[in-house]
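Report on the structure given below.
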2 protein chains.
Amino acid sequence: MSESKDIKVMENIMDKNDAIALDTQKALSDKGIFCINVMGAPGAGKTTTITALAKRLSRQVTVIEGDIESDIDTKALNAIGVPTVQINTHGACHLDSPSIAQAIDGIGGINPGYLFIENIGNLVCPAEFNIGEHMKLLIVSAADGSDKPYKYPLAFEKADLILVNKYDLAALADFDEDYFLQGIRRLHPDAKVIMVSAKKGEGMDEAAKWLEDRAF
Amino acid sequence: MSESKDIKVMENIMDKNDAIALDTQKALSDKGIFCINVMGAPGAGKTTTITALAKRLSRQVTVIEGDIESDIDTKALNAIGVPTVQINTHGACHLDSPSIAQAIDGIGGINPGYLFIENIGNLVCPAEFNIGEHMKLLIVSAADGSDKPYKYPLAFEKADLILVNKYDLAALADFDEDYFLQGIRRLHPDAKVIMVSAKKGEGMDEAAKWLEDRAF
């Protein structure tokens, strides 16, 4: 194919994706379900963070769990009583709105409350696709260093809430908080940033409160 | 497009990519350049590892530095005297063989020795594309947890050498080494795995020696 045809095909795919995402978002709103697209690199601590939030939020939490392979995270969430639907993409590097619409149809019914969609562990591709969410939550690990906003700007530009997880390892990993925050501020001045340890619980009360205040 | 047309287009892209990769590999071999495709998630420590190897290897090291945005890593490598060529993909989530062939042409000439190609920080997509390398080096951070081989199998299946970086943080991050190694062994029994701290130097002599023994 020629390059212009490639671009045209990509534009069509993105338009179709956005249209389905908007339909999903409206249908969830009508049912009183506030949907959060959870993005982050592999090992940022997405499942641990969802677990910590589920324990603190006042309404029912349901999770759609996106993984290339395995149901490790689904088992962890089920173990604490969170209803979870597994999507395995078998190679695909992000979730898209048709696969989410299909998963929601498959569930039959979701209780009003919060629906977390844990995206594929990838700091690049998921940020390009709306999947029906009301907000985007980005989780980054302090142990992965402070230059991420400069190297992977789109995810930081799109996120409403950014949780800097494993903050207890920040000093050991030479995490430069000022440099990190400067990198976010030039991309997205209004993003809320909270330093947390999802495993130990630090910062998670504040994160849950921020979500509750924000949700309808 | 229909699904079968989508698949056909993808197959054509992959065939073309592999053909160019093979040409690049042959051209590099003829010039005495051993090429290493460096893969890993964001924050795994790819640049720090290349730096630690460059200090230990007996022949000239050149780097092609792949980033979505920024030249932070190129500046770090230049600061220690390693000649580096920056590729910014402006969104694309992996390097492919045409972009590498073009970058090598652009350099004019590379000294015999080692050519490291630092791929985009992404544990998913780069593993699908040969780019002209003689071997694949995967770097994972112990701070990102021990379930990665189960969740992101392709990168572990394809890697010749796997360096588990930030091993000094393993205990703090509850890194389960047996579980991690089991996950690799069922995918790729012959992969060489070394625990390292690229920043502190632990394990890096062994890694450099393994590379020297392997290279032509």
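The values are calculated or read from the model by the stated rules, or taken from the named source; none is laboratory data. Computed from a predicted model, the values in this text were never measured in an experiment. Glycine gets a Cβ as well: all are built from the backbone with ideal geometry, and neighbour counts include every protein chain shown. These accessible areas exclude ligands, DNA and RNA; they are computed on the full protein's heavy atoms, side chains included. Shrake-Rupley method; radii C 1.70, N 1.55, O 1.52, S 1.80 Å.
Please specify each residue of region A:125-135 satisfying the condition of being open to solvent by less than 10 Å² (accessible area, probe 1.4 Å) and either closer than 21 Å to A:GLN60 by Cα or among the β-branched types (Val, Ile, Thr) (or both). If the condition is that a residue be open to solvent by less than 10 Å² (accessible area, probe 1.4 Å) and either closer than 21 Å to A:GLN60 by Cα or among the β-branched types (Val, Ile, Thr) (or both), then A:ILE131, A:GLY132, A:MET135 are the ones that fit.
For region A:17-26, does any single residue satisfy the condition of being within 12 Å of another protein chain (Cβ to nearest Cβ) and open to solvent by 20 Å² or more (accessible area, probe 1.4 Å)? Looking for residues that are within 12 Å of another protein chain (Cβ to nearest Cβ) and open to solvent by 20 Å² or more (accessible area, probe 1.4 Å), one finds none in region A:17-26, hence no.
Counting the residues of region A:76-94 that are more than 11 Å from every other protein chain (Cβ to nearest Cβ) and farther than 22 Å from A:GLU128 by Cβ gives 10. Taking every residue in region A:85-98 that is over 24 Å from A:ASN12 (Cα atoms) and pairing it with any residue that is part of a loop (DSSP other than H, G, I, E, B) and open to solvent by 40 Å² or more (accessible area, probe 1.4 Å), at least 6 positions away or on another chain, the pairs with Cβ-Cβ distances below 8 Å are A:GLN86/A:ASP71; A:ASN88/A:GLU69; A:ASN88/A:ASP71. For A:ASP6, the test of being within 13 Å of chain B (Cβ to nearest Cβ), under 21 Å from A:LEU123 (Cβ atoms) and of a type in the set (D, E, K, R) is failed.
Within region A:175-190, is there a residue that is at positive phi and of a type outside the set (Gly, Ala, Ser)? Taking every residue of region A:175-190 in turn, none turns out to be at positive phi and of a type outside the set (Gly, Ala, Ser). In region A:136-144, is there at least one residue being in contact with a His (Cβ under 8 Å, 6 or more places away or on another chain) and away from chain B (no Cβ under 13 Å)? No: region A:136-144 contains no residue that is in contact with a His (Cβ under 8 Å, 6 or more places away or on another chain) and away from chain B (no Cβ under 13 Å). Of the residues screened, A:GLY45 is one that is closer than 24 Å to B:LEU123 by Cα, touching a residue at least 60 places away in the same chain (Cβ under 8 Å) and within 14 Å of chain B (Cβ to nearest Cβ). Check whether at least one residue in region A:69-82 is modelled with pLDDT of 95 or more, of a type outside the set (A, V, I, L, M, F, W, C) and surrounded by 21 or more Cβ atoms within 10 Å (Cβ to Cβ), and report yes or no. Yes; the residues of region A:69-82 include at least one that is modelled with pLDDT of 95 or more, of a type outside the set (A, V, I, L, M, F, W, C) and surrounded by 21 or more Cβ atoms within 10 Å (Cβ to Cβ). Check region A:140-150 and report whether any residue there is among the hydrophobic types (A, V, I, L, M, F, W, C) and within 28 Å of A:LEU28 (Cα to Cα). Yes, some residue in region A:140-150 is among the hydrophobic types (A, V, I, L, M, F, W, C) and within 28 Å of A:LEU28 (Cα to Cα). The residues of region A:145-168 that are away from chain B (no Cβ under 11 Å), among the aliphatic types (A, V, I, L, M) and within 22 Å of B:GLY91 (Cβ to Cβ), listed by number, are A:ALA159, A:ILE162. Among the residues of region A:169-179, write down those that are assigned to a loop (DSSP other than H, G, I, E, B) and either open to solvent by less than 30 Å² (accessible area, probe 1.4 Å) or at the interface with chain B (Cβ under 7 Å from one of its Cβ atoms) (or both). Of everything in region A:169-179, those that are assigned to a loop (DSSP other than H, G, I, E, B) and either open to solvent by less than 30 Å² (accessible area, probe 1.4 Å) or at the interface with chain B (Cβ under 7 Å from one of its Cβ atoms) (or both) turn out to be A:ALA170, A:LEU172, A:ALA173, A:PHE175.
Quick one: count up the residues across region B:149-168 that are of a type outside the set (Gly, Ala, Ser), assigned to a helix (DSSP H, G or I) and open to solvent by less than 10 Å² (accessible area, probe 1.4 Å). Count: 2.
Going through (1) open to solvent by 50 Å² or more (accessible area, probe 1.4 Å); (2) facing chain B (nearest Cβ under 9 Å) one by one, A:GLN182 falls short only on (2). Being within 20 Å of A:TYR150 (Cβ to Cβ), open to solvent by 40 Å² or more (accessible area, probe 1.4 Å) and touching a residue at least 24 places away in the same chain (Cβ under 8 Å) is a property that does not hold for A:ASP205. At least 3 residues being polar (S, T, N, Q) and within 18 Å of A:ASP144 (Cα to Cα) is the threshold, and among the helices (runs of 4 or more DSSP H) wholly inside region B:19-127 those reaching it are B:46-56. Within region A:14-31, is there a residue that is of a type in the set (Asp, Glu) and without any contact (Cβ under 8 Å) to a residue 12 or more places away in the chain? Looking for residues that are of a type in the set (Asp, Glu) and without any contact (Cβ under 8 Å) to a residue 12 or more places away in the chain, one finds at least one in region A:14-31, hence yes.
Can you pull out the residues in region A:187-202 that are touching a residue at least 24 places away in the same chain (Cβ under 8 Å) and part of a loop (DSSP other than H, G, I, E, B)?
Going residue by residue through region A:187-202, those that are touching a residue at least 24 places away in the same chain (Cβ under 8 Å) are A:187-188, A:191-202.
Once the filter is applied, which keeps residues that are touching a residue at least 24 places away in the same chain (Cβ under 8 Å) and part of a loop (DSSP other than H, G, I, E, B), region A:187-202 yields A:LEU187, A:HIS188, A:ALA191, A:VAL196, A:SER197, A:ALA198, A:LYS199, A:LYS200, A:GLY201, A:GLU202.
Out of all the residues in region B:95-116, is one or more at positive phi, modelled with pLDDT of 95 or more and surrounded by fewer than 18 Cβ atoms within 10 Å (Cβ to Cβ)? Within region B:95-116, one or more residues are at positive phi, modelled with pLDDT of 95 or more and surrounded by fewer than 18 Cβ atoms within 10 Å (Cβ to Cβ).
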